[in-house]
Amino acid sequence: MKVIELRGIRKSIGQEEILKGIDLSVQVGEFLAIVGASGSGKSSLLYIMGLLDKPTEGEVFFEGERVDFSEEKRLSELRNKKIGFVFQFHYLLPEFTLLENVMLPAIKLGMKKDEAEERAYELLNSLGLGGKERRRIYQISGGEMQRVAIARALINSPSAILADEPTGNLDSKNSQRVMEIFKEINRRGTTIVMVTHELELAEQAQRLVEIKDGAVLSDRAIQRA
Amino acid sequence: MNHVLFVALKMLLQRKRQTVVSILGVSMGVSAFIVMSSLMLGFQNYFIQQVIDLEPHIKVKPRVEEKEREPYTLLLGEKPEEKDRILGWQDMVKYIERNPEVLGVAPRLVSRGILKHGVRDKPITLLGIDPKREPKASIVEKFLVHKNLQRLETNRTGVIVGVLVGKSLGVDQPGKKLLLVAPNGRTLLVTVEDLFESGITNIDDARVYINIKTLQSLLERQGEVNEIIIKIRDVNRAEKLSRAFQSFIPYQVESWQRAYRNFLSIFKIQNTITYMIVFAILTVSAFGIFNIIMMTVLEKKKDIAILMAMGFNRGDILLIFMMEGFVIGVMGALIGSLAGFALQEYLESIKLDVEGLIRTRGFVLERTPLLYIYALFFSLFFALLASFYPSYRASRLNPVDIFRSQ
Ligand SMILES: Nc1ncnc2c1ncn2[C@@H]1O[C@H](COP(=O)(O)OP(=O)(O)OP(=O)(O)O)[C@@H](O)[C@H]1O
Ligand SMILES: [Mg+2]
């Protein structure tokens, strides 16, 4: 079963073609790492997989459903229910407490406030942020911010987590911690697609896709000793 | 809707000072609207009410050539015009009385004249009335200081003078004797039987009632009538009815609206000016609202992008930002209404002599709740209009562009 399937995806910005015909499927329960040089098109690819951006050409299937990129409401709904994003920057909202930040996608989904709050508590607690729920972003560290962002991505129990260099701003200790969280989430069945520069982290995934100049250069399973 | 409020309410707390200024701007527009409208409507409605009470609802009069003449040249010895009479008025009165919309009809003989008291004199409008019939067709008695209308019947040389006429002549009590000079030069010694106070300056300053018989003989116009006044059930129907009467009456039939059309059109101009002022105030506050939301949107691009990434759709984003305008509009309307109410209370409590088109003690305010409803409606309309464009811009942002530009 495929969570995401890309068929012949091309993306042009102005004259420049930044994705040049990509076919890629992500299986349910996979942990996929995408690597490539800066400017190779990794982020652009992830935006299309996450239904945030529409391809110039080609088709996207999400859990078997052909995605119609002109249906903005449906795209938003899929992003809300089925996809969790984690970016290099945490993008937490400064007006909200950590707890409220995590609750936002659940509130949008229509979950009751109490229930959303309870889930957010649980998630923050399980990510080592117990006791800091009422703090604001300027009262916690960078590593903690990124874990709050992960909790936010997880609250609606999405099918897939799409992460664009989630460790890009973290030191190696915090980076490894994020990796451990992702591995744990993945063990529980959530599909993970992670873009990264760091081969060391990428090799902890199950499958490695290398992008070069907007095309797939290699796609291999990672053997573990 | 919950998720929109959840985000909007937090974001509103940003830019506190500007938000407060905008709310105050809207409040000013709202309170200005409420106070100015209630003052104007109060004054206008009072004026119109007095006119309706004082003036015939419908008047039949000879078609005078509308030559503008100096009132004083007319006064001095000029002969009444041949045409200045209504022939067959008795039949006309009977005919009009038969109409079910008509409450009463009365004949009058109207002329100019001069009243003298000692060395003072005063040009006046003489209304020769039939004291028996007159009350059926006008509520003149309401404005009489001593309610002595019937004295005009018993005392054929009695007169009722407007308070301002009396004031110019130094007369403030019944019983004073005055000399009446008719346009034909004849004079008559008359006694003041009562004073008449309507509050409408130009009426109180000119009008003198006298028995129609007395006036007819003074002017040597026995049996003549040059005005028929008609009182009707629904004053708003005056114009329609007057047109209906006009079709079978060979004289000019004039409704009160027509007789007072100059005032009514001044009121229209007055209203337009007020609404323009209110419009200007609200426009300024609308720009304030526009500005706040536009700046918030520009500042919060990142937040908008992440909200979209987590599943908020364009409609949600639009509503989140319009909520700011909505809240400013509602708060402005609330505060403005309270301020307007307080100002109305204050204005009503002031006792002062207003002298102008009307004379009252203090301001006459029209205090209908409708004004508050209109104010809420206007302020919401302006606030939502002002917030729409920046909110729309926010909703059209492309999250990918924003993520890339980080
Ligand atoms: N708005 C834009 N206009 C034109 N070209 C753009 C625009 N945004 C991105 N590109 C180009 O698209 C290509 C792919 O960009 P993308 O951000 O997907 O690369 P990436 O692999 O994520 O790079 P990095 O590792 O630096 O994040 C780059 O060559 C970039 O210059
Ligand atoms: Mg990138």
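The values are calculated or read from the model by the stated rules, or taken from the named source; none is laboratory data. These numbers come from a predicted model, not from an experiment. Virtual Cβ from ideal backbone geometry, glycine too; neighbours counted across all protein chains shown. Side chains are part of the model used for accessible areas, which takes the heavy atoms of the whole protein and leaves out ligands, DNA and RNA. Shrake-Rupley method; radii C 1.70, N 1.55, O 1.52, S 1.80 Å.
Show me the strands (runs of 3 or more DSSP E) entirely contained within segment A:1-119 in which 3 or more residues are open to solvent by less than 40 Å² (accessible area, probe 1.4 Å) and within 12 Å of chain B (Cβ to nearest Cβ). Explain how you work it out, then say what you get.
Details: elements: A:2-13, A:16-27, A:31-36, A:57-62, A:83-86.
Qualifying strands (runs of 3 or more DSSP E): A:83-86.
Collect the residues in segment A:18-62 that are acidic (Asp, Glu) and away from ligand 2 (no atom under 16 Å from the Cβ), keeping them in residue-number order. Steps first, answer last, please.
Step one: of segment A:18-62, the residues acidic (Asp, Glu) are A:23, A:30, A:53, A:57, A:59.
The answer is A:Asp23, A:Glu30, A:Glu57, A:Glu59.
Is it true that A:Phe85 is aromatic (Phe, Trp, Tyr) and away from ligand 2 (no atom under 16 Å from the Cβ)?
Working: aromatic (Phe, Trp, Tyr): yes; away from ligand 2 (no atom under 16 Å from the Cβ): no.
No: the conditions fail for A:Phe85.
Quick check: anything in segment A:89-99 more than 16 Å from ligand 1 (Cβ to nearest atom), of a type in the set (Val, Ile, Thr) and more than 23 Å from A:Met194 (Cβ to Cβ)?
Step one: of segment A:89-99, the residues more than 16 Å from ligand 1 (Cβ to nearest atom) are A:90, A:92-99.
Restricting the remaining residues to those that are of a type in the set (Val, Ile, Thr) gives A:97.
Of the ones still in play, those that are also more than 23 Å from A:Met194 (Cβ to Cβ) are A:97.
Taking every residue of segment A:89-99 in turn, at least one turns out to be more than 16 Å from ligand 1 (Cβ to nearest atom), of a type in the set (Val, Ile, Thr) and more than 23 Å from A:Met194 (Cβ to Cβ).
Residue by residue, here is whether (1) among the hydrophobic types (A, V, I, L, M, F, W, C); (2) more than 14 Å from chain A (Cβ to nearest Cβ); (3) over 25 Å from the mean Cα position of the chain (by Cα) holds:
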residue	(1), (2), (3)
B:Leu5	yes, no, yes
B:Leu39	yes, yes, no
B:Gly42	no, yes, no
B:His57	no, yes, no
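Would you point out the residue of segment A:160-179, among those that are within 13 Å of chain B (Cβ to nearest Cβ) and surrounded by fewer than 17 Cβ atoms within 10 Å (Cβ to Cβ), that is farthest from ligand 1 (Cβ to nearest atom)? Spell out the reasoning first.
Just the residues of segment A:160-179 that are within 13 Å of chain B (Cβ to nearest Cβ), to begin with: A:161-165, A:168-169.
Within this subset, residues satisfying the condition of being surrounded by fewer than 17 Cβ atoms within 10 Å (Cβ to Cβ) are A:168-169.
Values: A:Gly168: 8, A:Asn169: 13 Å.
Taking the candidates together, the pick is A:Asn169.
Before we move on, is B:Ile358 away from ligand 1 (no atom under 16 Å from the Cβ) and buried (at least 16 other Cβ atoms within 10 Å of the Cβ)?
Values: away from ligand 1 (no atom under 16 Å from the Cβ): yes; buried (at least 16 other Cβ atoms within 10 Å of the Cβ): yes.
For B:Ile358, the condition - away from ligand 1 (no atom under 16 Å from the Cβ) and buried (at least 16 other Cβ atoms within 10 Å of the Cβ) - is met.
Taking into account only those residues within segment B:308-348 that are closer than 21 Å to A:Ser70 by Cβ and in a helix (DSSP H, G or I), which is farthest from the other protein chains (Cβ to nearest Cβ)?
B:Leu318
Here are some residues: B:Ser217, B:Ser242. Which one is buried (at least 23 other Cβ atoms within 10 Å of the Cβ) and either out of contact with any Phe, Trp or Tyr (no Cβ under 6 Å at 6 or more places or on another chain) or part of a strand (DSSP E or B) (or both)? Outline the logic, then answer.
On the way: B:Ser217 fails: buried (at least 23 other Cβ atoms within 10 Å of the Cβ).
Going through B:Ser217, B:Ser242 in turn, just one is buried (at least 23 other Cβ atoms within 10 Å of the Cβ) and either out of contact with any Phe, Trp or Tyr (no Cβ under 6 Å at 6 or more places or on another chain) or part of a strand (DSSP E or B) (or both): B:Ser242.
What are the residues in segment B:258-287 that are in a helix (DSSP H, G or I) and under 30 Å from B:Lys61 (Cα atoms), if any?
Once the filter is applied, which keeps residues that are in a helix (DSSP H, G or I) and under 30 Å from B:Lys61 (Cα atoms), segment B:258-287 yields B:Arg258, B:Ala259, B:Arg261, B:Asn262, B:Phe263, B:Leu264, B:Ser265, B:Ile266, B:Phe267, B:Lys268, B:Ile269.
Please give the number of the condition B:Leu385 fails out of (1) closer than 25 Å to B:Phe47 by Cα; (2) surrounded by 15 or more Cβ atoms within 10 Å (Cβ to Cβ).
All conditions pass for B:Leu385, except number (1).
I'd like to verify a number: residues in segment A:176-198 that are modelled with pLDDT under 95 and within 16 Å of ligand 2 (Cβ to nearest atom), how many?
The total comes to 3.
Could you list all residues from segment B:286-298 that are touching a residue at least 12 places away in the same chain (Cβ under 8 Å), under 28 Å from A:Ser70 (Cα atoms) and open to solvent by 10 Å² or more (accessible area, probe 1.4 Å)?
Passing the criteria: only B:Met294.
Failed condition for B:Met308, given (1) open to solvent by 50 Å² or more (accessible area, probe 1.4 Å); (2) out of contact with any Phe, Trp or Tyr (no Cβ under 9 Å at 6 or more places or on another chain); (3) in contact (Cβ under 8 Å) with a residue 60 or more places away in the chain; (4) of a type outside the set (S, T, N, Q), with all others met?
For B:Met308, the failing item is (1).
Within segment B:362-378, track down each residue that is free of Cβ contacts under 8 Å to residues at least 60 places away in the same chain and open to solvent by 80 Å² or more (accessible area, probe 1.4 Å).
B:Pro369, B:Leu370, B:Ile373, B:Phe377, listed by residue number.
Condition check: in contact with a Phe, Trp or Tyr (Cβ under 9 Å, 6 or more places away or on another chain) and either within 16 Å of ligand 2 (Cβ to nearest atom) or within 14 Å of A:Met194 (Cα to Cα) (or both). Does A:Ile4 satisfy that? Outline the logic, then answer.
Values: in contact with a Phe, Trp or Tyr (Cβ under 9 Å, 6 or more places away or on another chain): yes; either within 16 Å of ligand 2 (Cβ to nearest atom) or within 14 Å of A:Met194 (Cα to Cα) (or both): yes.
Yes.
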